[in-house]
Each structure stands twice: as C-alpha cells, then as structure tokens.
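Have a look at the structure below before the remarks.
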Amino acid sequence: MHTPSLAEYMERIYRADWPGVGEMMLASARKLASMGADFLICPDNTIHQALPYVMPRSPLPWLHIAEVVAAEAAARGYRRVGLTGTRWLMEGPVYAKELLRPTAAEREEINRIIMDELVYGEFKPAAVAYFQRVFDRMKGAGCDAVVLGCTEIPLLMNDANSPLPTLDSTRVLARAALRRAVG
C-alpha cells in the first residue's frame, strides 16, 4: 500500500489536473512495483478518472474499480443501477453512462456531505436521511441497486438503512483483489 495524502490529490483534482493525478498514481505504482507487487488497485473511485494517463506507462496491471463493480452488479442480477460519489465521479467518465446519476442539486449536496462532513469524520443523521431520499428517488426511477462510489459513503449507508441494495465499491474491489491475489 502506498498513499500520498488526500490533500495532495485534491489540490490537483480541484484544478482538473488529471494528468497530475496520474503522475501521483504512477509514482505509487513504481514504488509498489519495486517492492514486488503483482498488480495494483486504487480504492478511490474519483481518482480512477486519471487512469487513462496511467495505464500506458504503468509498470503493473490495475484492477479498475468500475469494472469490478459492474461485474458484481451483473452477477447479482441488477439491471438498472444508480451511482453516488463525489461530484467529479458522478459527472465524470469512470462509470458507464448507463448508470443513473443524481440530479445536479443532489450531486452538489452529496459532494458537500462527502467533502465537508464525511472526510472529517462527521456522521450526521441528516446526511443519512438525505442519502435515503436520493436512493428512494432512484428506486422510483427504476433502479434496483445503487453504487456507493466513495470510500466514505459506506460509513453512513448500507443495505440495512438503504431503500435500495448497495454496492460498496471499496468492498467489491477489495474482494476482487483478494480473489486475484490468491487465484
């Protein structure tokens, strides 16, 4: 495991410097390759937006979080899936366009909850209620599951308190990495 600080990544993400994010990922990839890693994962969904800058020069193969989540959704028989995460993730190309995104106002509020509350360890009942309303609206729009596309969202939401079955992207990626490592 090698992780530069989130602040260093965010400095680049706020500037939409995805090549710069990619350089940070490549530096980690090279370090992990020199330590004997066989493959790489990144549990941060948003940062996957930089993978196109990484893959051509990466010393090792990567498991792509959106690909393993899509495979898990298909294996569970989900046909219409919603997506939540940071605004960069929900508005970006990491996940397939077919996934239902929250409305613009919902994306802003979800991003605010993530960046202003969850990353600081603040878990408020109002945030849970907000996610539940968004998930309920997605359910009404035909979704049969929702991707928790941010490492912090599962700190609030799970199958027990969600109106939709959840796909915890970090957990799904970890399980896929374990299968690959022992398989």
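The values are calculated or read from the model by the stated rules, or taken from the named source; none is laboratory data. Not measured: the values here are computed from a predicted model. Here the Cβ is made from the backbone with ideal geometry for all residues, glycine too, and neighbour counts use every protein chain on show. To get the accessible areas, we keep the full protein, side chains included, count just its heavy atoms, and leave off ligands, DNA and RNA. Shrake-Rupley method; radii C 1.70, N 1.55, O 1.52, S 1.80 Å.
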Original post:
Under a no-solvent Debye model with one identical scatterer per Cα of the chain, what's log10 I(q)/I(0) at q = 0.12, 0.20 Å⁻¹?
Top reply: -0.56, -1.44
Subject >> Built amide H within the under 5 Å cut-off of L40, gap 5+ >> reply: W62, L63
Original post:
For the chain, with every protein chain kept in place, what is the accessible area per residue (1.4 Å probe, Å²)?
Top reply: 50 Å²
**OP:** Please report the relative contact order for the chain, taking Cα pairs under 8 Å with a sequence separation of at least 6, and give it as a percent rounded to a whole number.
**Re:** 22 percent
**OP:** Please report Rg over Rh for the range 30-135, where both radii come from the alpha carbon positions and Rh follows the Kirkwood definition.
**Re:** 1.03
Subject >> In Hz, Karplus ³J(HN,Hα) per residue of the range 12-21 (6.51, -1.76, 1.60; θ = phi - 60°; x = Gly, Pro) >> reply: 6, 4, 4, 8, 6, 8, 5, x, x, 4
**OP:** Run the quick spin-label model on N161 and E91: label points 7 Å from Cα toward the beta carbon, then report their separation in nm to one decimal.
**Re:** 2.8 nm
**OP:** Calculate what fraction, in whole %, of the accessible area of the range 43-183 sits on carbon and sulfur atoms when a 1.4 Å probe is rolled over the protein chains.
**Re:** 55 percent
Subject >> Derived scalar couplings ³J(HN,Hα) [the range 54-64; Karplus, 6.51 cos²θ - 1.76 cosθ + 1.60; whole Hz; x for Gly, Pro] >> reply: 9, 3, x, 10, 5, x, 9, x, 10, 8, 8
Subject >> Karplus 3J(HN,Hα) series, Hz, for the range 95-110 with 6.51 cos²θ - 1.76 cosθ + 1.60 (x for Gly, Pro) >> reply: 9, 4, 4, 5, 5, 6, 9, x, 5, 4, 5, 5, 4, 5, 5, 4
Original post:
Counting each DSSP H run of 4 or more residues in the chain as -39500 (n - 2.57), what helix-only mean residue ellipticity at 222 nm follows after dividing by all residues, to the nearest 500 deg cm²/dmol?
Top reply: -15000 deg cm²/dmol
Subject >> For L167, residues with placed amide H under 5 Å, excluding near neighbours >> reply: V146, V147, L148
**OP:** Report the local net charge at L156: Lys and Arg +1, Asp and Glu -1, summed over other residues whose C-beta lies under 14 Å from its C-beta.
**Re:** -4
Original post:
Under the classification rounded if a/c is under 1.5, otherwise prolate if a/b is larger than b/c and oblate if not, where does the range 108-183 fall, given a ≥ b ≥ c as square roots of the Cα gyration tensor eigenvalues?
Top reply: oblate
